[in-house]
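The values are calculated or read from the model by the stated rules, or taken from the named source; none is laboratory data. For clarity, every value in this text was computed on a predicted model and none was experimentally measured. Here Cβ is always computed from backbone atoms with ideal geometry, including for glycine, and neighbour counts include all displayed protein chains. Surface areas here come from the heavy atoms of the whole protein model, side chains and all, with no ligands, DNA or RNA. Shrake-Rupley method; radii C 1.70, N 1.55, O 1.52, S 1.80 Å.
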Amino acid sequence: MTRREVLSVAVGLAGCRRRRAGGEINIYSWSDYIASDTVAGFERETGVRVNYETFESSEEMFAKILAGGARWDVVFPNSTYVGPMARRGLLETLDHSRLPGLENLEAKFQDPPWDRGNRHSVPYLWGVSGFVYNRRKIGTRAAWSDLWDSGLKRKITMLDDPSEVLGVCLKKLGYSLNSVDPLELEAARGEAMRQKPLLRAYINAEVKPQLIAGEVWAAQLWSGDAWQAIAENPDLQYCYPTEGLAAFSDVMVILKGSRNRDAAYRWVDRLLRPEVAASIVRETLFSTPNEKAAALLEPRLRETPEMGKAEWFAEIPAEGQELRDRIWTEIKAA
């Protein structure tokens, strides 16, 4: 499955079924982010019909929820959105007695810095943001600065994500990817502007077919999506850049407007089961925060991304976020 495509098979089949006694549940997530049997397995076990919709970016997800996303029961935002969503009263305060699977999480994910005690969210998958490159086309690459090589013009893509792009530019300059310092952000804007003429596009996981076909030679990409592409083309290699890189976690939340709260809890807790979580890792190739699920995985899938120079994305204060949003708008409009 791809991270940002609609689950046409599983959801299409679900849509053809008659409404069941267990009602229905509405899920809003990234594409390529569950296993091929996740929806069907939940429906067989619970009798609840699943409507599964996808988004392409955190910004898109947040905007749609603010515009009236109460129709969704469970959403899979990036961890940096938990605070803003909770403060706006969008999230259910979780009843941990209904989520016995929380005990399966690795210790550091049972009390993460973005949501102490997992009051509003449950860690789902995590990874890092490096870049994929084609060794046959461009040789060995090791640094973000390689993506400013004029010899790669129109063969490079960057993620269509302001935090990711600004984060790379900040790391390239030796700064924190979470910086809100105006001078540092202005310098990062300059780096992005200098790189933009070299880019084929700002694009997310949809770049994978282009990487596999050899049309794109280097692409900033989330680790799980990168490994999916690498599995299809042995010329592709993943780079953990020497300047450092971002680490991220996506989480599960229940919206306060959920119309089927019981099914929402059952969905979240089922995805915490070791065997279910392990099946998701085998298909998505992202890392799991679920310690008991990791124990079921093959050795190659238990390996976690190189974290030596990784920095976790953090929630940005409102004033700093406003500046970042303005800079991103200028970059995209240039």
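Residue ranking by accessible heavy-atom surface, 1.4 Å probe, largest first, among Arg194, Arg44, Arg49 comes out as Arg44, Arg194, Arg49.
The Cα atoms of the stretch 30-90 cover 35, 21, 18 Å along the three principal axes, with the biggest extent listed first. A Förster radius of 35 Å combined with the Cβ-Cβ distance from Arg259 to Ser176 puts the calculated FRET efficiency at roughly 0.30. If you take the Cα centroid of the stretch 169-184 and the Cα centroid of the stretch 197-257, the two points sit 21 Å apart.
What the Kirkwood sum gives for the stretch 170-241 is a hydrodynamic radius of 13.9 Å, with every pair of different alpha carbons counted. A viscosity of 1.306 mPa s and a temperature of 10 °C, combined with the Kirkwood radius over Cα pairs in Stokes-Einstein, give a translational diffusion coefficient for the stretch 134-177 of 137 µm²/s.
Treating r as the C-beta distance of Arg270 and Arg302 and R0 as 25 Å, the FRET efficiency rounds to 0.70. Ignoring aspartates and glutamates fewer than eight residues from Lys155 along the same chain, the ones with Cα atoms less than 17 angstrom from its Cα are Asp146, Glu206, Glu215, Asp235. Shown in residue order for the stretch 80-85 are the 3J(HN,Hα) couplings computed by the Karplus curve 6.51 cos²θ - 1.76 cosθ + 1.60 at θ = phi - 60°: 5, 8, 5, x, x, 5 Hz (x for Gly and Pro). Taking label positions 7 Å along the Cα-Cβ direction at both Arg154 and Ala213, the computed distance is 1.5 nm, reported to one decimal.
Accessible area of Ile212 (1.4 Å probe, protein heavy atoms only, ligands and nucleic acids ignored): about 60 Å².
In this structure, the amide hydrogen of Leu91, modeled 1.01 Å from its nitrogen in the peptide plane, lies closer than 5 angstrom to those of Lys256, counting only residues at least 5 positions away or on a different chain. The stretch between Gln321 and Ser145, if pulled fully straight at 0.36 nm per residue, gains 60.8 nm over its current Cα-Cα span. Here the label points at Asn233 and Ala334, each 7 Å from Cα along the C-beta direction, are separated by 2.7 nm in the simple model. Rg ratio for the stretch 156-313: its Cα radius of gyration over 2.2 N^0.38 Å, N being its residue count, equals 1.20. Counting only protein heavy atoms and using a 1.4 Å probe, the accessible area of Lys108 comes to about 110 Å². Comparing mean-square fluctuations of Ala263, Ala201, Ala213 from a GNM of the chain with C-alpha springs under 10 Å, the top value falls on Ala213. Among Leu272, Leu147, Leu99, the largest mean-square fluctuation in a Gaussian network model of the chain (Cα springs under 10 Å) belongs to Leu99.
Restricting the calculation to Cα atoms, every distinct pair contributes to the Kirkwood radius of the stretch 58-100, found to be 11.3 Å. Treating r as the C-beta distance of Arg88 and Glu186 and R0 as 22 Å, the FRET efficiency rounds to 0.15. For the stretch 190-280, the Cα-based Rg and Dmax, in that order, read 18.3, 51 Å.
For the set Ser79, Ser150, the ranking by accessible area, highest first and with no ligand, DNA or RNA atoms included, is Ser150, Ser79 under a 1.4 Å probe. For Glu106, the amide hydrogen comes within under 5 Å of the amide hydrogens of Asn290, Glu291, counting only partners 5 or more places away or on other chains and with H modelled in the peptide plane.
Karplus-based coupling profile of the stretch 210-216, in residue order and whole Hz: 5, 5, 4, 7, x, 7, 10, with θ = phi - 60° in 6.51 cos²θ - 1.76 cosθ + 1.60 and x standing for Gly or Pro. A Stokes-Einstein calculation at 10 °C with viscosity 1.306 mPa s, built on the Kirkwood radius of the stretch 120-214 over Cα pairs, returns a diffusion coefficient of 109 µm²/s. Accessible area per residue (1.4 Å probe, heavy atoms of protein chains only) ranks Lys172, Lys137 as Lys137, Lys172, with the largest value leading.
Using a probe of 1.4 angstrom and keeping all protein chains present, the accessible surface of the stretch 179-334 works out to 43 square angstrom per residue. Annotation: amide H-H contacts under 5 Å for Ser287 (H modelled 1.01 Å from N, sequence separation of 5 or more, or interchain): Trp126. Karplus-based coupling profile of the stretch 97-104, in residue order and whole Hz: 5, 9, 10, x, x, 4, 5, 7, with θ = phi - 60° in 6.51 cos²θ - 1.76 cosθ + 1.60 and x standing for Gly or Pro. In the chain, inverting the average of 1/r over every pair of distinct C-alpha atoms gives 20.5 Å as the Kirkwood radius. Computed from the Kirkwood radius of its Cα pairs, the Stokes-Einstein diffusion coefficient for the stretch 85-152 at 20 °C and 1.002 mPa s stands at 135 µm²/s.
Mind scanning Lys108/Lys332; Lys171/Lys196; Lys208/Lys256; Lys256/Lys292; Lys309/Lys332; Lys172/Lys332 and naming the pairs with a C-alpha gap bigger than 25 Å? Result: Lys108/Lys332; Lys208/Lys256; Lys256/Lys292; Lys309/Lys332 exceed 25 Å.
Comparing Leu296, Leu166, Leu91 in a Gaussian network model of the chain (Cα springs below 10 Å), the most mobile by mean-square fluctuation is Leu296. Could you look at the stretch 76-129 and say what percent of its accessible area is carbon and sulfur, using a 1.4 Å probe and all protein chains? With neighbouring chains kept in place, the figure for the stretch 76-129 is 46 percent. For the chain, the relative contact order is 26 percent, taking Cα pairs closer than 8 Å that sit 6 or more residues apart in sequence and dividing their mean separation by the residue count.
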